[in-house]
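Below: the structure, in structure tokens.
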Amino acid sequence: MERRIQDYVERYAPFAELQLRHRAARDESIAGLAFPYPAYRAGQRKLAGAVYRSIEAGHQLFARAPTGIGKTMSTLYPAVKSIGEGRLARLFYLTARTTTRASAEDALRRMQDGGLRLHAVTITAKDKLCAAAAAQSGGPGCAGGACMYAEGFYDRINGAVLDLLSNETLMGKDELLRYAGKHRVCPFEMSLEVAYIADAVICDYNYIFDPRISLKRVAAEWKAACALLVDEAHNLPDRAREMYSAELFKRDFLNLVRAFKGRDAAVRAAAKAVDAALLAVRKREDGQGAFLLPEGVPEALDEAVEAFAAAAEGALVMAERSGGFDGGGRADARDVLPIAWGGETMSADAAAIARYGSAAVSDGDLDVSRDSSASSAAPEEGAEVPADPHEMLLEAYFAALGWMRTVKLYDPERHVVYAERQRADLKLKIFCMDPSRLLRQMRKGYRSQICFSATLFPLSYYMDLLGAEDTDYSVSVPSPFRAEQWDTEIVPLSTRYADRETSRERIAARMLGLAGSRPGRYLFFFPSYAYMNAVYETFLAQGGQALRTMLQRPEMTEEERGRYLSAFEADDGEALIGFAVLGGVFSEGIDLAGDRLQGVVIVGVGMPQPSFERDLMRAHYDAAGLSGFDYAYVYPGMNKVLQAGGRLIRTESDSGVLVLIDDRYRRGPYRRLLPEEWGADGRHRS
């Protein structure tokens with residue numbers, strides 16, 4: 001025993017020595033770290049001071065700060081200073097988009113150029129950080145089952161992390177891939193290991209707020225010395241609704257019944273029980289497309305899903321050992337060795353499957369269910385069963401785990417259960433209408449949370465949704481920009497769905513006239529792809545084919561998005577018109593300062609399409625004495641408008657034309673939600 005303890009100490013000593021040296025150098029560098037710009041921009045000092053005081057007092061802060069003042073630096077700099085002064089041990093910079101992640105990396109790099117020595121790691125999505133795929137060796141990563149970077153991972157990870165931390169401070173995708181290749185370890189797993197050690201972590205919201213994906217080895221004392229910086233916090237409520245909801249599709253289990261006939265009787269029986277429970281729900285339909293289940297989660301379904309998860313886990317373990325479901329046999333109870341995994345019971349072998357067995361599964365101490373959007377296009381009754389039973393079972397297994405966890409979160413005051421007929425299929429969903437309580441619960445224990453955005457407006461609305469408490473702080477920073485920088489025009493046309501066919505000719509003509517009279521670079525934003533494509537075709541037919549245009553498409557790859565943006569970022573001065581959708585990747589988080597953008601046209605008020613879920617939210621907030629229509633439709637829509645309009649003016653020297661096309665901009669509450677500096681009393685033009 002003594003020799004074993006001595007061995008542990010000897011192996012830990014190099015890391016402990018590294019940490020001691022690093023923390024001394026870090027604190028010394030922070031003490032001498034000046035604000036990395038010659039001067040604060042207007043409003044920047046106010047925001048930085050509010051962040052510093054909130055961390056000092058251990059409170060939450062909700063900050064509305066306009067685009068262009070430098071919110072990223074205004075939040076990171078005081079948080080870094082708080083680390084140097086001993087108030088914080090680490091910080092998380094949480095984002096919803098890759099573009100804002102890059103802004104945080106740039107801010108830390110600028111501080112490093114000013115002398116800062118800080119360990120910061122960026123957690124990149126696993127499918128974008130696959131060493132096997134990057135090296136074109138060892139197979140296609142986790143999707144291939146076996147991976148040279150996964151096998152023997154724990155034999156090599158300590159040396160890899162020690163090497164990385166000894167030689168790097170800012171650890172992004174390139175650094176992680178380089179050291180992962182050198183030590184033959186999974187770079188995604190390595191980024192998670194480093195996240196528990198680093199002073200700063202840049203990552204998606206999920207790693208803190210999603211109970212299925214959040215980092216698990218976080219003790220109370222660890223949280224108490226950590227601050228959360230939540231960038232573009234207006235995105236968090238809708239993301240949180242997804243995190244705290246779950247859905248099942250009847251078709252998935254019926255397919256398993258067919259696929260596992262003759263393969264595994266236990267899995268087939270368990271899937272059949274879930275299918276039967278969902279069939280019983282479907283029989284209640286009575287001609288409705290979607291309907292509520294007043295009792296919440298049906299007890300028979302709850303039991304069937306739990307039984308299915310156990311059967312599926314056993315089968316997945318046996319398949320992993322025997323090489324597939326066609327190898328005969330199935331898992332027996334004695335083959336399953338229970339371990340704790342994210343609050344659920346999961347076998348060690350099943351955890352290994354989750355860790356390395358599929359690209360749909362995340363790793364380490366992350367709990368993951370399938371992406372709910374991937375199951376929205378469920379196959380019709382009678383469709384051919386997919387060929388890979390292992391993948392089918394794995395997907396259904398994680399859907400079941402996600403459902404079981406969401407059942408535990410179920411709050412009848414903030415959740416509903418509803419069923420929806422989708423062609424021959426049935427979707428059953430636990431839907432979180434109001435995520436505020438769960439967001440407040442997930443952030444509990446952290447020293448401070450700073451939620452900030454240019455469009456956290458109305459502030460009271462977002463504070464409600466984000467779970468603010470009476471003791472929390474709020475601050476609104478005035479815009480540093482002048483109304484003269486905007487040449488704003490309101491075109492009072494109806495863009496309501498019923499009027500879109502008749503309005504597209506006039507909208508296309510207005511856009512073509514603007515591009516012809518004031519050549520430059522423009523972004524034209526639309527409320528949907530269908531409306532955008534219709535106006536785009538009309539625009540070309542009216543003469544727009546003579547102009548250089550770019551069109552956003554659904555499901556664009558990262559490379560395609562990069563090409564779209566690089567066309568605007570080029571310094572060639574060439575005229576260009578980009579067609580894009582409100583709320584998409586090009587409507588927020590991008591910085592096109594100077595002559596890179598001369599105008600923005602926004603069609604519509606960003607209103608979400610009417611839906612069963614939106615109407616549930618409306619009724620929920622009406623019942624709470626609030627304006628349900630505003631909460632469910634108006635505020636989320638206008639937030640998209642404010643974000644898109646914010647792309648135009650990025651610095652004190654920028655200027656440009658902003659055209660708002662919709663007659664509702666002349667009426668409240670839409671008019672009241674427009675920023676004062678936009679000069680929204682602009683000219684009428686029909």
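Throughout, read-outs are computed from the coordinates displayed, never taken from laboratory work. In this text, all values refer to a predicted model and were calculated from it rather than measured experimentally. Backbone-built Cβ (ideal geometry, glycine too); neighbour counts: all protein chains shown.
The stretch between Glu299 and Lys283, if pulled fully straight at 0.36 nm per residue, gains 4.1 nm over its current Cα-Cα span. Modelled spin-label separation between Ser517 and Ala269, with each label point placed 7 Å from Cα along the Cα-to-Cβ direction: 7.6 nm. In this structure, Met148 and Ala509 have a Cβ-Cβ separation that, at R0 = 45 Å, corresponds to a calculated FRET efficiency of about 0.15. Which one, Gly84, Met190, Met638, projects farthest toward the positive side of the charge dipole computed for the chain from Cβ point charges (K/R +1, D/E -1)? My answer, from the dipole projection, is Met638.
Placing a label point 7 Å from the Cα of Leu162 along the Cα-to-Cβ direction, the residues of region 18-41 with a backbone N closer than 13 Å are 18-19.
Neighbour counts of other Cβ atoms within 10 Å put Val657, Val634, Val641 in the fewest-to-most order Val657, Val634, Val641. Stretched out straight at 0.36 nm per residue, the stretch from Glu676 to Val9 would grow longer than its current Cα-Cα span by 233.9 nm. What the Cβ-Cβ distance of Gln441 and Ala541 gives, at R0 = 60 Å and to the nearest 0.05, is a FRET efficiency of 0.65.
In vacuum, with every alpha carbon of region 478-588 counted as one equal point scatterer, what does the Debye formula give for log10 I(q)/I(0) at q = 0.17, 0.22 Å⁻¹? Two decimals, please. Normalising to I(0) and taking log10 leaves -0.94, -1.38. Each listed q (0.22, 0.30 Å⁻¹) maps to a log10 I(q)/I(0) for region 16-72, found by the Debye formula over equal Cα scatterers with no solvent: -0.94, -1.14. Each residue, Tyr37 and Glu413, gets one label point 7 Å from its Cα in the Cβ direction; the gap between the two is 4.3 nm. Rg then Dmax, both in Å and based on the Cα atoms of region 483-684: 16.9, 55.
Which of (1) 26.6, 86; (2) 24.6, 93; (3) 29.2, 102 is the computed Rg and Dmax of the Cα atoms in Å for the structure on display? Here Rg and Dmax of the Cα atoms in Å agrees with entry (1). Enclosing the Cα atoms of region 404-470 in their convex hull gives a volume equal to 136 cubic angstrom per residue.
Were the residues from Thr502 through Asp113 laid out at 0.36 nm apart, the gain over their Cα-Cα distance would be 134.5 nm. With both residues required to sit in the chain, DSSP beta bridges show an antiparallel share near 25%. Model label sites at Ala24 and Glu574, defined 7 Å from Cα along the beta-carbon direction, differ in position by 5.6 nm.
Rounded to the nearest 20, the size of the Cβ-charge dipole of the chain about its Cα centre is 1080 debye, with Lys and Arg at +1 and Asp and Glu at -1. Cβ-Cβ distance of Lys128 and Lys182, R₀ of 30 Å, FRET efficiency by 1/(1 + (r/R0)^6): the value works out to about 0.95.
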